[in-house]
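Student: The structure under discussion is supplied below as structure tokens; questions concerning it will follow.
The values are calculated or read from the model by the stated rules, or taken from the named source; none is laboratory data. Predicted, not measured: the structure shown is a model, and the values here were computed from it. Cβ placement follows ideal geometry from the backbone for every residue including glycine, while neighbour counts extend to all protein chains displayed. Please note that ligands, DNA and RNA were not included when accessible areas were found on the heavy atoms of the full protein model with its side chains. Shrake-Rupley method; radii C 1.70, N 1.55, O 1.52, S 1.80 Å.
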Amino acid sequence: MNIKKVLKIVLPLILGGFLVWYSLSKISMDVLIGYFKEANYSWIFLGLFFGILSHLSRAYRWKFMLEPLGFKPKFANNVLAVLVGYLVNLALPRAGEVSRALVLTNYENVPFEKGFGTIVAERIADLIMMLSIVLITLFVQFDFIYNLLTKNFNPTKIIIGLAVLTIGFYIFSSFVKKAKSGFLLKIKTFVSGLIEGVTSIFKMKNKWAFIFHTIFIWVMYVAMFWATIPAIDGLNVPLGGILIGFIAGGFSIAATNGGIGLYPIAVAGALALFDIPTEPATAFGWIMWTAQTAMIIIFGGLAFLVLPIYNKK
């Protein structure tokens, strides 16, 4: 194993350890444990139920990508592959997609490159959904976000900054379109693949079923976040706080191994915008992250054990 691969594994773990320490510096361990003891676990389990529904829907949605390629894997193997992928992602970010494709290669004879290609296309759909939630949040909370920005930044500077970014983006896009080699060509290829992946969804035989499950998955993600809030007595979060907190948590999961350490910080920071005290906000972040991670570890671990037994024949 070369140094680059070692650093890819070690650096995220070091960063995660630092973020855990930083997050816990905002709240004493005794207070945090108190929140865990006093939490209403009925709401936490309801949130986990929504999370499980999202995983099942993701596994079912996968068949709409595989069928046009001539493959009809068992639904159970799709579910187990998805759970294994989530578990692997906790240790190695983005490695979960590889392991998920490998499961179907081993147990359903789906060629790796084809299985992995469908997963990439799914991720494009998920990226669109995440951006859609961001746009919905900007629309729903426009006044709040506008007042927040104008309060902390000079409006004139914001307008100038947006103008510079727009012009810069236009110039950069022009260079990318003309690129024939190097890094810009890679960006051009990536964007072209992104557009091709998006348009392929609308050419699918079961495109409306695919779109329905894509929306359902993300509604369940938001519902999981929303349902866990009442677990902490007296924690009242408005709709804007739910959406912004969910977005912050989602980006933190993408940035580190399953959001370790960063998730509670990101969520607490988002809730702080709505004048929610640091301690309950941080405690909620830890409870939310712990519930999600425990679900992934338990079900992902079981999936590893069940896969060879279920496919014994």
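Student: Residues that are open to solvent by less than 20 Å² (accessible area, probe 1.4 Å) and in a helix (DSSP H, G or I): does region 270-277 have at least one?
Tutor: yes
Student: While we're on this one: Does TRP208 fit the bill of being of a type outside the set (A, V, I, L, M), part of a helix (DSSP H, G or I), at pLDDT 85 or above and open to solvent by 60 Å² or more (accessible area, probe 1.4 Å)? Let's see the steps before the verdict.
Tutor: Values: of a type outside the set (A, V, I, L, M): yes; part of a helix (DSSP H, G or I): yes; at pLDDT 85 or above: yes; open to solvent by 60 Å² or more (accessible area, probe 1.4 Å): yes.
Yes: the conditions hold for TRP208.
Student: Inspect all residues belonging to region 94-114 and state whether any of them is open to solvent by less than 40 Å² (accessible area, probe 1.4 Å), at pLDDT below 85 and not hydrophobic (A, V, I, L, M, F, W, C).
Tutor: The answer is yes; a qualifying residue exists.
Student: Here's another thing I want to ask about it. Any idea which residue in region 23-69 is least open to solvent (accessible area, probe 1.4 Å), counting only those that are farther than 30 Å from LEU104 by Cβ and of a type in the set (Lys, Arg)?
Tutor: Out of the qualifying residues, it is LYS26.
Student: Looking only at residues that are open to solvent by less than 30 Å² (accessible area, probe 1.4 Å) and outside any helix (DSSP H, G or I) in region 224-267, which one is modelled with the highest pLDDT?
Tutor: Among them, the one singled out is ILE232.
Student: If a residue must be under 19 Å from ILE215 (Cβ atoms), of a type outside the set (S, T, N, Q) and in contact (Cβ under 8 Å) with a residue 60 or more places away in the chain, how many such residues does region 50-72 contain?
Tutor: Initial filter on region 50-72 (under 19 Å from ILE215 (Cβ atoms)): 50-65.
Then drop every residue that is not of a type outside the set (S, T, N, Q), which leaves 50-53, 55-56, 58-65.
Now drop any that are not in contact (Cβ under 8 Å) with a residue 60 or more places away in the chain, which leaves 50-53, 55, 58, 60-62, 64-65.
The number of residues fulfilling the criteria is 11.
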